[in-house]
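A.B. asks: Attaching a single structure in structure tokens format; questions to follow.
The values are calculated or read from the model by the stated rules, or taken from the named source; none is laboratory data. Worth saying up front: this structure is predicted, and the values here are computed from it rather than measured. So basically every Cβ, Gly included, is an ideal-geometry build from the backbone, and we count neighbours across all protein chains shown. The protein model used for the area step is the full one, side chains on, heavy atoms only, and it has no ligands, DNA or RNA in it. Shrake-Rupley method; radii C 1.70, N 1.55, O 1.52, S 1.80 Å.
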Amino acid sequence: MYLRPLDPVTDGPELHAIFGDDDCCMWLPGPATPDIETTITKLRDWYGGFADTSWVACETPDGPALGVIAFYNTGRDADIWEAACMIHPAARGQSYAARGLAAAMEDLFTKTTARRIFADIDPDNHASQKTFEKLGFTREGILRGEWETHIGIRDSVIYGLLRTDPRPDIPGKPELLGRD
């Protein structure tokens, strides 16, 4: 497994398999995108300002995008980052999310002054909750009625990890390509 920098235009057609799928987008703020161009626009909007912390998971360095691993700063505090990941259904069950997040977290903590990473997860997204627990994140609480989404008003389960928190060793972490 490898992580390479996300390129919305190049990776958009492959990532549309995720962002264009209703089941994959169940827990997102909006519904699945209707076409590749809309997926590319969404990728640019979401990750455009965070090119150094947005990755594509792939099996070979130049292989197809199997998912997205990203960290973005929400603007409230320069040292607090939010984690995001989406993996293609056909690639699930191989720990791509946990392995990719573990490698990208190490990179983020090494190259920035980040003191905290958090994940905002829908209460019904049990797979995502398990992934973040596996990485050593602490379930910190529930924000009730936090999001108005395409499936209605939803709560948020917040998971957090501090730079100083112990992190389990995740075997098989991917190589990060294309950035110093």
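A.B. asks: What is the calculated FRET efficiency for R116 to R144, with r their C-beta to C-beta distance and R₀ = 22 Å, to the nearest 0.05?
C.D. replies: Efficiency for this residue pair is about 0.50.
A.B. asks: Using a 1.4 angstrom probe on heavy atoms only, work out the carbon and sulfur share of the accessible area of the range 69-180 in %.
C.D. replies: Numbers: 2870 of 5860 Å².
With neighbouring chains kept in place, the figure for the range 69-180 is 49 percent.
A.B. asks: Another question, then. Quick one: order T112, T60, T39 from most to least accessible surface, probe 1.4 Å.
C.D. replies: Working: T112 40, T60 65, T39 0 Å².
Listed by decreasing accessible area, they come as T60, T112, T39.
A.B. asks: Still on this structure: Pairs of alpha-carbon atoms within less than 8 angstrom and 6+ residues apart define the contacts here; what relative contact order does the chain have, in percent? Each step should come with its number before you reach the end.
C.D. replies: On the way: 333 pairs, mean separation 42.0, N = 180.
RCO, the chain: 23 percent.
A.B. asks: May I ask you to compute the full-extension gain from T10 to A90, defined as 0.36 nm times their residue separation minus their alpha-carbon distance, rounded to one decimal in nm?
C.D. replies: On the way: separation 80, 0.36 × 80 = 28.80 nm, distance 2.00 nm.
That pair, T10 and A90, stretches by 26.8 nm at full extension.
A.B. asks: Now for a separate question. Over the range 14-83, what is the relative contact order in whole percent, taking alpha-carbon pairs under 8 Å and six or more residues apart? The partial results should precede the final answer.
C.D. replies: Numbers: 78 pairs, mean separation 15.7, N = 70.
Relative contact order here is 22 percent.
A.B. asks: What percent does the relative contact order of the range 60-122 come to when contacts are Cα pairs within less than 8 Å and at least six residues apart? Can you show the working numbers first?
C.D. replies: Numbers: 68 pairs, mean separation 22.4, N = 63.
Normalised by residue count, the contact order of the range 60-122 is 36 percent.
A.B. asks: Hey, what number do you get for the chain at 222 nm if only DSSP H runs of n ≥ 4 count, each worth -39500 (n - 2.57), divided across all residues, to the nearest 500?
C.D. replies: Counting only the DSSP helices, I get -8500 deg cm²/dmol.
A.B. asks: A follow-up question, please. In terms of Cα to Cα distance under 19 Å, which lysines are near enough to K130, apart from those fewer than 8 places away along the same chain?
C.D. replies: Leaving aside lysines fewer than 8 places away in the same chain, those within reach of K130 are K173.
A.B. asks: Can you send over the solvent-accessible area of R163, 1.4 Å probe, protein chains only, in Å² to the nearest 10?
C.D. replies: For R163, the solvent-accessible surface is approximately 90 Å².
A.B. asks: Now a separate question. Only Cα pairs within less than 10 Å get springs; with that Gaussian network setup on the chain, which residue of G49, G67, G75 has the largest fluctuation?
C.D. replies: Between G49, G67, G75, it is G75 that shows the largest mean-square fluctuation.
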